[in-house]
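Asks: One structure, as structure tokens, below. Some questions next.
Nothing in this text is a laboratory measurement; each read-out follows from the coordinates by a stated rule. The shown structure was predicted, so the numbers you read here are calculated from the model rather than taken from an experiment. With ideal geometry, Cβ positions are generated from the backbone for all residues, glycine too; neighbour counts draw on all protein chains shown.
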Amino acid sequence: MLRFLAALLKIALASLLTGAGLSIFNISSAQILEQAGLTPDVLWAYLLRFSNWALPNILLGSMIVLPIWLLTYVFLPPRERERERD
């Protein structure tokens with residue numbers, strides 16, 4: 001869990017520094033989107049379309065993957081690292 005939080009902190013710090021650097025050169029997110037041929041509304045529509053496609057497929061896949069993972073986790077013997085802790 002600590003590694004995950006450290007990674008999130010690093011991503012947040014990198015994003016902050018990148019945003020500060022871009023603002024020094026007076027570059028905004030709207031300008032970057034314009035260069036890509038997008039507007040914030042079009043980008044939002046793409047994100048909604050993607051989520052409407054992805055979420056049902058994620059739920060469908062998880063109905064198969066999670067039970068298999070749970071059975072594997074319950075019935076496989078512990079690995080060497082876990083035995084050394086006990």
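Asks: How about region 1-36: which of its residues are among the basic types (Lys, Arg) and surrounded by 10 or more Cβ atoms within 10 Å (Cβ to Cβ)?
Replies: Listed by number, the list holds a single entry, Lys10.
Asks: Of all the helices (runs of 4 or more DSSP H) wholly in the chain, which have at least 1 residues that are in contact (Cβ under 8 Å) with a residue 60 or more places away in the chain?
Replies: Values: elements: 2-24, 29-35, 40-75, 80-85.
No helices (runs of 4 or more DSSP H) qualify here.
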